[in-house]
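The values are calculated or read from the model by the stated rules, or taken from the named source; none is laboratory data. Computed from a predicted model, the values in this text were never measured in an experiment. With ideal geometry, Cβ positions are generated from the backbone for all residues, glycine too; neighbour counts draw on all protein chains shown.
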Amino acid sequence: MTRIVLIRHGETEWNRLGRFQGRTDVPLNQEGLEQAEKLAQRLKEVPLTRIYTSPLIRARKTAEIVNDCHGVEIVPQEELTEVDHGHWTGMFKSQVMEMDGERYKTWLTRPDTLVVPGGESLSDVFRRSVGVIEEIIENNGGETIQICSHDAVNKVLLCHFLGLELSSFWKFKQGNGCINIIDVLDRNNFMIMLVNDTCHLGGIVDSTAEGAL
């Protein structure tokens, strides 16, 4: 059986401030670095055989810190990069609400139908992220692997693993530094063992940054 340990990167300053990051390469802030260290300690006994990561620095650095306890191969995968927020990139939520209120309302209520000008749809994210996950599963049969990615990508993947439509996107929370565990029973059959676990960061319910989404 293949086990996927799916994590979200640690906090960035844009997460803390509530700015839409998308593909902007924002590094971890001090809180994010500490979250990654705690994540590494939580996962140090997990027998990881390989780590796949989004190439963006916030995900890659989180993966590297976790890997200090494992010393396995880290494989960057462009397909795991965060959703492209297009014209919203770099903006605060309050700015988006004021300047593009109708689209923002759609993002909150029907995220599966929205395409921000210059950006991606969730269907775009689904095609690329699920495609690479299927390849990763095929190439790592019977292993325990880690995927280090982003809020939107993780939520889309969770929809896939649970057989849900992308309209269920907001049914999940993905705190910075969280852990999800998925057991692959076969190509189209998954068992969800853990979702959005942040106990290693303190408390039963996470108090991590809400993030730009």
(message) Checking the condition under 22 Å from residue 184 (Cα atoms) and either among the hydroxyl-bearing types (Ser, Thr, Tyr) or in a helix (DSSP H, G or I) (or both), which residue from 79, 98, 34, 45 passes?
(response) 79
(request) Name the residue, out of 135, 120, that is modelled with pLDDT of 95 or more, in a helix (DSSP H, G or I) and more than 30 Å from residue 202 (Cβ to Cβ). (result) 135
(request) Return the only residue of 64, 82 being among the charged types (D, E, K, R) and touching a His at 6+ places or on another chain (Cβ under 7 Å). (result) 82
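Take residue 176 and decide whether it is part of a strand (DSSP E or B) and within 30 Å of residue 106 (Cβ to Cβ). Full working, then the answer.
Values: part of a strand (DSSP E or B): no; within 30 Å of residue 106 (Cβ to Cβ): yes.
So residue 176 fails the test.
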(request) Report yes if some residue within the range 71-78 is under 29 Å from residue 117 (Cα atoms), out of contact with any strand residue (DSSP E or B) (no Cβ under 8 Å at 6 or more places or on another chain) and surrounded by fewer than 19 Cβ atoms within 10 Å (Cβ to Cβ); otherwise report no. (result) yes
(request) For the range 160-175, indicate whether the set of residues that are under 20 Å from residue 124 (Cβ atoms) and in contact (Cβ under 8 Å) with a residue 60 or more places away in the chain is non-empty. (result) yes
(request) Output the residue which, of all residues in the range 189-204 that are under 23 Å from residue 30 (Cα atoms) and more than 18 Å from the chain's Cα centre (by Cα), is modelled with the lowest pLDDT. (result) 204
(request) Give the residue that is farthest from residue 132 (Cα to Cα), with candidates limited to residues of the range 1-33 that are of a type in the set (Val, Ile, Thr) and touching a strand residue (DSSP E or B) at 6+ places or on another chain (Cβ under 8 Å). (result) 12
(message) Quick check on the range 169-188: of everything there that is more than 13 Å from the chain's Cα centre (by Cα) and closer than 21 Å to residue 134 by Cα, which residue is surrounded by the most Cβ atoms within 10 Å (Cβ to Cβ)?
(response) 182
(request) For the range 87-111, name all the residues that are among the hydroxyl-bearing types (Ser, Thr, Tyr), closer than 15 Å to residue 169 by Cβ and crowded, with 17+ Cβ neighbours inside 10 Å. (result) 104
